[in-house]
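What follows is one structure encoded as structure tokens, with my remarks underneath.
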Amino acid sequence: MIIVSKYLVPKGYLGLTFFPFMFLKSSNLKVNKRLLNHERIHLRQQLELLVVPFYLWYILEFFIRLLKYKNWNEAYRNISFERESYFKENDLEYLNNRPFWAFLKYFCKHEFSGGK
């Protein structure tokens, strides 16, 4: 279910997924297929880890990455869940063929850098 709220999505982000909801900053983003695919990948990740463990892993990995990069954006972009979503967001067929726990492939590789 998609909910539009500029107040629930943190500044600097366009969307946020909290199973089973997808929050978007503005209603015009409902047609952004890349963003919707990115957030749907997060929904799948959350389901695979039974939701609560997903958030525990996400937060723990974020703080580990923050210690490593000493930069909020780099830490966020290098969380394995985000890596998978960013690398596959343009592949609109990805979820049709995505292997179970595919985010593990991104745990140690494909690092983003430079604050992108």
> How many residues are free of Cβ contacts under 8 Å to residues at least 40 places away in the same chain, within 17 Å of Phe19 (Cβ to Cβ) and either small (Gly, Ala, Ser) or exposed (fewer than 15 other Cβ atoms within 10 Å of the Cβ) (or both) when one looks only at the stretch 56-98?
Replying inline: 2
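Identify, please: which residue in the stretch 1-23 is of a type outside the set (A, V, I, L, M, F, W, C) and part of a strand (DSSP E or B) and is, among those, nearest to Phe100 (Cα to Cα)? Walk me through it before giving the result.
Initially, the stretch 1-23 is screened for residues of a type outside the set (A, V, I, L, M, F, W, C), giving 5-7, 10-13, 15, 17, 20.
Still in the list and also part of a strand (DSSP E or B): 15, 17.
Working: Gly15: 24, Thr17: 19 Å.
For the stretch 1-23, the residue satisfying everything is Thr17.
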> Quick one: would you say Asn32 is polar (S, T, N, Q) and more than 22 Å from Pro20 (Cα to Cα)?
Replying inline: no
>> Pairs needed: first member in the stretch 1-15, loosely packed, with under 10 Cβ neighbours inside 10 Å; second member anywhere, assigned to a loop (DSSP other than H, G, I, E, B); C-beta distance under 7 Å; at least 6 residues apart or different chains.
In response: Met1/Pro20
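Could you tell me whether the stretch 38-54 includes any residue that is of a type in the set (Phe, Trp, Tyr), without any contact (Cβ under 8 Å) to a residue 60 or more places away in the chain and either surrounded by fewer than 18 Cβ atoms within 10 Å (Cβ to Cβ) or on the phi > 0 side of the Ramachandran plot (or both)?
Filtering the stretch 38-54 for residues of a type in the set (Phe, Trp, Tyr) gives 54.
Narrowing further to those that are without any contact (Cβ under 8 Å) to a residue 60 or more places away in the chain: 54.
Those still in the list that are either surrounded by fewer than 18 Cβ atoms within 10 Å (Cβ to Cβ) or on the phi > 0 side of the Ramachandran plot (or both) too: none.
Taking every residue of the stretch 38-54 in turn, none turns out to be of a type in the set (Phe, Trp, Tyr), without any contact (Cβ under 8 Å) to a residue 60 or more places away in the chain and either surrounded by fewer than 18 Cβ atoms within 10 Å (Cβ to Cβ) or on the phi > 0 side of the Ramachandran plot (or both).
Every number here is computed from the coordinates shown, using simple stated rules; none is lab data. Keep in mind the model is a prediction, meaning the values are calculated, not measured. Note that each Cβ is placed from the backbone with ideal geometry, even for glycine, and that neighbours are counted across all protein chains shown.
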